[in-house]
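Heads up: the structure comes next, in structure tokens.
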Amino acid sequence: MWRKREGKITFLSRFRNEQRWQEVLDANGDVDRIRFSNRIRFLMSLSWRVFTNPKMPALVLSDEILFHFGKEIVFNAMDQNRTFIGINQRLSKDLTFDLGYMLVYQQRYSGFEYDMNHTFRLFFYYSPDWRKEKDRPHYSIPGDE
């Protein structure tokens with residue numbers, strides 16, 4: 001993960017790898033077998049602190065592209081593209097949330113069919129800081145001023 005703050009704007013780039021086991025159903029809806037694949041996620045995000053008051057939300061714009069690969073992935077290597085615009089609000093030192101609109105463009109298993117979903121997104125992020133007090137950066141928590 002890479003993060004850089006320039007004035008009121010924060011840039012974020014994140015790369016993740018996931019291993020996925022998925023149930024493949026037969027015509028009766030029973031589990032026929034388990035399919036394994038890897039998925040790579042690449043996120044680019046921009047957060048703009050519009051207000052000087054730290055209790056107010058920041059504007060967020062992000063795009064995340066997901067690719068997957070493996071023995072059984074033949075036609076649909078581009079899994080999804082998720083574009084988000086909304087706000088990010090800090091609730092406490094360790095808890096924030098994103099609220100807004102997300103466009104999800106997903107390639108189906110066939111490889112030539114696509115789904116486009118207009119989604120309302122509410123994500124909560126819990127990020128505890130396990131470092132000892134002397135190693136932590138000093139910042140104020142909204143509401144504790």
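Before moving on, here are some points about what is shown:
- Dividing the mean sequence gap of close Cα pairs (under 8 Å, 6+ apart) by how many residues the chain holds gives a relative contact order of 15 percent.
- R0 of 35 Å, Cβ-Cβ distance N17-K134: FRET efficiency to nearest 0.05: 0.55
- Exposure proxy ranking, count of Cβ atoms within 10 Å, fewest first, for S37, S127: S127, S37
- Backbone geometry of region 80-86 corresponds, through the Karplus equation with coefficients 6.51, -1.76 and 1.60 at θ = phi - 60°, to 3J(HN,Hα) couplings of 8, 10, 10, 10, 10, 9, x Hz, x marking Gly and Pro.
- Judged by the gyration tensor of its Cα atoms, with axes a ≥ b ≥ c, the chain is prolate; a/c meets the 1.5 cut and a/b is the larger of a/b and b/c.
- Summing Cβ point charges (Lys, Arg +1; Asp, Glu -1) relative to the Cα centre of the chain gives a dipole of roughly 760 debye.
- Here the extension length gained between E113 and V31 equals 27.2 nm, from 0.36 nm per residue of separation less the Cα-Cα distance.
Rule-based calculations on the coordinates, nothing more; no lab input. All figures in this text were calculated on a predicted structure; none of them were measured in a lab. Positions of Cβ are backbone-derived with ideal geometry, glycine not excepted, and every protein chain shown enters the neighbour counts.
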